[in-house]
1. Run the simple label-point estimate for ASP70 and ASP56 please: 7 Å along Cα→C-beta, distance reported in nm.
2. When the helices in the chain are scored as -39500 (n - 2.57) per DSSP H run of 4 or longer and the sum is shared across all residues, what 222 nm value do you end up with, to the nearest 500 deg cm²/dmol?
3. On average over all directions, what projected area in square nanometres does the chain have, based on the convex hull of its Cα atoms?
4. Between the alpha-carbon centers of segment 111-135 and segment 25-47, tell me the distance in whole angstrom.
5. Where in segment 27-58 does the amide nitrogen come within less than 18 Å of the point 7 Å from the Cα of ASP174, taken along Cα to Cβ?
Amino acid sequence: MAPVFARAMYFDGGEYGDGILSKHTFIKTRNVELPYTPGNEPRAAIEVITVLSSGDTVAFVGTHLDHLKDEKDRVAQARKINEVFSLNTYPTILAGDLNARPESRTINILEEIWSSTYDRNQPKPTFPSDDPQIKIDYVMFYPKDRWKVIETKVIQDSLASDHCAYMTTVKLLD
């Protein structure tokens, strides 16, 4: 598999950020720094562009938005994600721990551009993994008319992470 890492900050003698592991090689990668308030943790969005076995070129963006109760940084980060990735020439998937509930301002801003894969009437909780109570993990796609959601599933496993895995199967449309 092909790995790529995007540093958001130096931490404890190493680096802290986001990573992507793919069975497809990367044509291009980039690390987009996201806005944050001085004193808070820096955040980033990592993007890879790859060619699928079908021959389609797609972009995939992974991120982990601010975790603080005050939504200020998450809102700014969502706006930056919309600004940067809505310009993509390839169909794009956005995934990650967005630390925001479905009805939040952050998710509303993202959903101005992105389509979400969760059931808005009954969003399945993804956190904490030992007793899921809230949904804060997402898979979204852009443009809205290029993807179809086939299946979504929350996988509860408290050994692998403090979050449940949120698995989504999507189909790229012509």
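Any read-out appearing in this document is the output of simple, stated calculations on the displayed coordinates, not a laboratory observation. A quick note: this is a predicted structure, and the numbers were derived from the prediction, not measured. All Cβ positions, glycine included, derive from the backbone under ideal geometry; neighbour counts span all protein chains shown.
1. A separation of 4.2 nm, rounded to one decimal place.
2. Details: 2 runs with 20 residues, N = 174.
After summing the helix terms and dividing by residue count, I get -3500 deg cm²/dmol.
3. Values: hull surface 42.2 nm².
Result: a mean projected hull area of 10.6 nm².
4. 23
5. 54-57, by backbone N distance to the label point.
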